[in-house]
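The values are calculated or read from the model by the stated rules, or taken from the named source; none is laboratory data. All values derive from a computational prediction rather than experimental measurement. Note that each Cβ is placed from the backbone with ideal geometry, even for glycine, and that neighbours are counted across all protein chains shown. Surface areas here come from the heavy atoms of the whole protein model, side chains and all, with no ligands, DNA or RNA. Shrake-Rupley method; radii C 1.70, N 1.55, O 1.52, S 1.80 Å.
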Amino acid sequence: MKSKVKTYSIERKQARYGFAFTLPCLLFFAFFSFYPIINAFITSLTNRRAIGRTWEFIGFENYAYLFTKENGGFSLMNSLRATGMFTLGCFIPMVVVSLLLAVLIMQLRKPGHKKFFELSYYIPAVLSSVVAATIWRIMFQPTGLINQMSNFIMFTTGKDYKWLTDNGMLMASTIIVYFWKYIGYFAILFITGLASIPPTIYEAAIVDGSSRWHTFWKITLPLLKPTVMLVSIMAMLQCLKTFSTQYMFVVGGTARKPIDVITMNIFYTGIRNGYLGRASAMSIVLFFIMLFFTYFQFATQKGGDDVEY
């Protein structure tokens, strides 16, 4: 009786070695990503405080408290509203403008000009968020550069446009800071996606008489769809978890309530006031919001990859 000898293909051997080499990274990622989420959910079901070792299991009372109590005027609903306004005001312009900047940079013929603009737009992304917020907060002062530019544009003299005192202008100030800091980063991602499109496709479109605008809508955007999805998801998540800009503005003396995004409410509730259970509940709410919008973007951007002109 002949014994059966197991044979493995080269692809299967490579897959086994690949899995063996990536297993430590997967375990590292799982421990430092999933464990905090699970621990936060468990903590959200307790009345745990920062000071004191004893705590009790209270079920979903923290979630009920967040959606029913004002918490001194800084309720979860106010934070959700502030986070939503900030995300809408920053997310869409950031994606659209970064795409336009990338297209304009790719139109430059000299490589040196491309590198110059890429570096110029990317520099703010390297800057620390704390430093960027501090610099802009000084610029938004009544005697600062932004207020002087506003007077110049609006043909006024010595008027205070209340960038740091009016609720609406304060929200706009934080959006401007965030937009300035990350616009170059996402433009670089779009440039990478544009560079991956084969030039022969554009040559064929030119031969067929396609205009630049028609080529952009019918060729560039469909082929750029994976990059658009990546940038849109990253930009949305980046806006939803914003914290440093708002915190530095509040530390500098601005009002907290108009820009009390959910991450800052989590910080004040858990770190300043010591209610770890409530802060964990807010973290779980934010996690599910981010998960929902990520799934929504994947669902809405399925299909439509065909190129036609």
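So, in segment 234-279, how many residues would count as being open to solvent by 20 Å² or more (accessible area, probe 1.4 Å) and part of a helix (DSSP H, G or I)?
18
Would it be correct to say that residue 123 is on the phi < 0 side of the Ramachandran plot, open to solvent by 60 Å² or more (accessible area, probe 1.4 Å) and touching a residue at least 12 places away in the same chain (Cβ under 8 Å)?
Yes, satisfied.
Could you check how many residues of segment 157-196 are over 28 Å from residue 229 (Cβ atoms) and assigned to a loop (DSSP other than H, G, I, E, B)?
Number satisfying all stated conditions: 10.
Is there any pair linking a residue in segment 193-221 that is loosely packed, with under 11 Cβ neighbours inside 10 Å to one that is hydroxyl-bearing (Ser, Thr, Tyr) and not in a helix (DSSP H, G or I), with Cβ under 8 Å and at least six apart or on different chains, and which?
208/309
Which members of segment 146-156 meet the condition of being part of a loop (DSSP other than H, G, I, E, B) and among the polar types (S, T, N, Q)?
Answer for segment 146-156, where residues must be part of a loop (DSSP other than H, G, I, E, B) and among the polar types (S, T, N, Q): just 156.
So, of the residues in segment 105-118 that are part of a helix (DSSP H, G or I) and in contact with a helix residue (DSSP H, G or I) (Cβ under 9 Å, 6 or more places away or on another chain), which turns out to be surrounded by the fewest Cβ atoms within 10 Å (Cβ to Cβ)?
The qualifying residue surrounded by the fewest Cβ atoms within 10 Å (Cβ to Cβ) is 113.
Just for segment 222-233: of the residues that are of a type in the set (A, V, I, L, M) and open to solvent by 30 Å² or more (accessible area, probe 1.4 Å), which one is farthest from the chain's Cα centre (by Cα)?
Restricting to residues being of a type in the set (A, V, I, L, M) and open to solvent by 30 Å² or more (accessible area, probe 1.4 Å), the top hit is 223.
When you check residue 81 against the structure, is it among the charged types (D, E, K, R), assigned to a helix (DSSP H, G or I), modelled with pLDDT of 90 or more and closer than 30 Å to residue 292 by Cα, yes or no?
Answer is yes for this residue.
Hey, among the residues in segment 36-72 that are among the β-branched types (Val, Ile, Thr) and not in a helix (DSSP H, G or I), which one's least open to solvent (accessible area, probe 1.4 Å)?
46
For residue 172, work out the one condition from (1) closer than 26 Å to residue 237 by Cα; (2) open to solvent by less than 20 Å² (accessible area, probe 1.4 Å) it doesn't fulfil.
Residue 172 satisfies every listed condition except (2).
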